[in-house]
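Have a look at the structure below before the remarks.
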Amino acid sequence: MVKFVCDNYNEMSRLAADIMAGQITGKPFSVLGLPTGDTPIGAYMELAKKRLDFSGVSVFCLGEYYPINRKNNQSHYYQLFDGFINKINMKRENVHILNGETDNPDEECKRFDEKISHAGGMDMAVLGIGVNGHIGFNEPSQSLVLKTHLCDLTARTIEENSKFFGSDEVTPHKSLTMGMDAIFSAKRILLLANGNSKADAVSRIFSGAVTTSCPATMLNLHHDVTIIMDKEAAAKIQAE
Ligand code: GLP
């Protein structure tokens, strides 16, 4: 596991964009896994500024609320297009986002996994991290699910997400998420974390224990993980 501690959010974003740009220029037909949320917004802005050719790149978004209309400005669909895809020349047919309006979530999740397999897995999965250590929407639990699935969000995640929706009542209580299998199929994983609220979860990654009660700790089992943090998110990592 490689870690970078940056002075601030902008530096974290620039470094993440440089690493993602290196992936795309090195392999113009890269398959990426991408998160939404506040964390990657700066990295997407920096990456879009580089004016790279994304015409061969494919993207699988890590999750989507359920149920949600894609036109809702809090949907992952809206956020990914608004924050990134609309600023680059990626082909729309190469953008794969779970359908938060489906009547058949199981079928939707199965199709999504098939598309990832068909694409040959991901070259790079970029991840954010929840305050409780979730990755994608794989929430802390006694066991983690391998496949893409519909999951119940924890009270803590619902509370966190209410910052986007305005209140717990209107915040979705379920989500579709890429499972651990697809995330681990990525050849490289890049996790971004900023701010004090992520410090506990980040410190658990580096604690040496692997536990489903903090899904991000599972990343210790992957062979190519880079974690980029700002100083606040890194503040509780014990000195090695
Ligand atoms: C959300 C998403 C994740 C995201 C995380 C952190 O619930 N499912 O993909 O990485 O929580 O969000 P933020 O970056 O806004 O802190």
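The values are calculated or read from the model by the stated rules, or taken from the named source; none is laboratory data. Please read these numbers as outputs of a predicted model, since none were measured by experiment. When we count neighbours, we look across all protein chains shown, and the Cβ atoms used for this are built from the backbone with ideal geometry, even at glycine. Each accessible area value is taken on the protein alone, full model and side chains, heavy atoms only, with ligands, DNA and RNA left out. Shrake-Rupley method; radii C 1.70, N 1.55, O 1.52, S 1.80 Å.
Overview of values
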item	result
Residues being out of contact with any Gly (no Cβ under 9 Å at 6 or more places or on another chain) and touching a residue at least 60 places away in the same chain (Cβ under 8 Å) - total across region 15-52	7
Some residue of region 42-54 being of a type outside the set (A, V, I, L, M, F, W, C), under 25 Å from ARG111 (Cβ atoms) and assigned to a loop (DSSP other than H, G, I, E, B)	no
Test: residue in region 26-33 that is in contact with a strand residue (DSSP E or B) (Cβ under 6 Å, 6 or more places away or on another chain), modelled with pLDDT of 95 or more and within 14 Å of the ligand (Cβ to nearest atom)	yes
Tally of residues being away from the ligand (no atom under 13 Å from the Cβ) and of a type in the set (A, V, I, L, M) across region 121-154	6
Count of residues meeting criterion [closer than 20 Å to ILE41 by Cα, without any contact (Cβ under 8 Å) to a residue 24 or more places away in the chain and in a loop (DSSP other than H, G, I, E, B)] in region 55-107	3
Restricting region 54-95 to residues that are touching a strand residue (DSSP E or B) at 6+ places or on another chain (Cβ under 7 Å) and of a type in the set (Gly, Ala, Ser), the residue that is most open to solvent (accessible area, probe 1.4 Å)	SER58
Scan of region 1-41 for residues that are part of a loop (DSSP other than H, G, I, E, B) and either farther than 16 Å from VAL126 by Cα or over 17 Å from the mean Cα position of the chain (by Cα) (or both), ordered by number	MET1, ASP7, ASN8, LYS27, PRO28, PHE29
Region 151-167: number of residues that are touching a strand residue (DSSP E or B) at 6+ places or on another chain (Cβ under 7 Å) and either free of Cβ contacts under 8 Å to residues at least 12 places away in the same chain or buried (at least 18 other Cβ atoms within 10 Å of the Cβ) (or both)	2
Top-ranked residue in region 168-201 [being open to solvent by 10 Å² or more (accessible area, probe 1.4 Å) and in contact with a Phe, Trp or Tyr (Cβ under 7 Å, 6 or more places away or on another chain); ranked as nearest to the ligand (Cβ to nearest atom)]	ASN194
Matching residues in region 97-146 - criterion: being closer than 21 Å to LEU192 by Cβ, open to solvent by 20 Å² or more (accessible area, probe 1.4 Å) and in contact with a Phe, Trp or Tyr (Cβ under 9 Å, 6 or more places away or on another chain)	ILE97
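This table checks each residue for (1) of a type in the set (S, T, N, Q); (2) more than 16 Å from the chain's Cα centre (by Cα).
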| position | (1), (2) |
| --- | --- |
| ASN73 | yes, yes |
| LEU80 | no, no |
| ILE97 | no, no |
| HIS134 | no, no |
| SER143 | yes, yes |
| ILE158 | no, yes |
| GLU169 | no, yes |
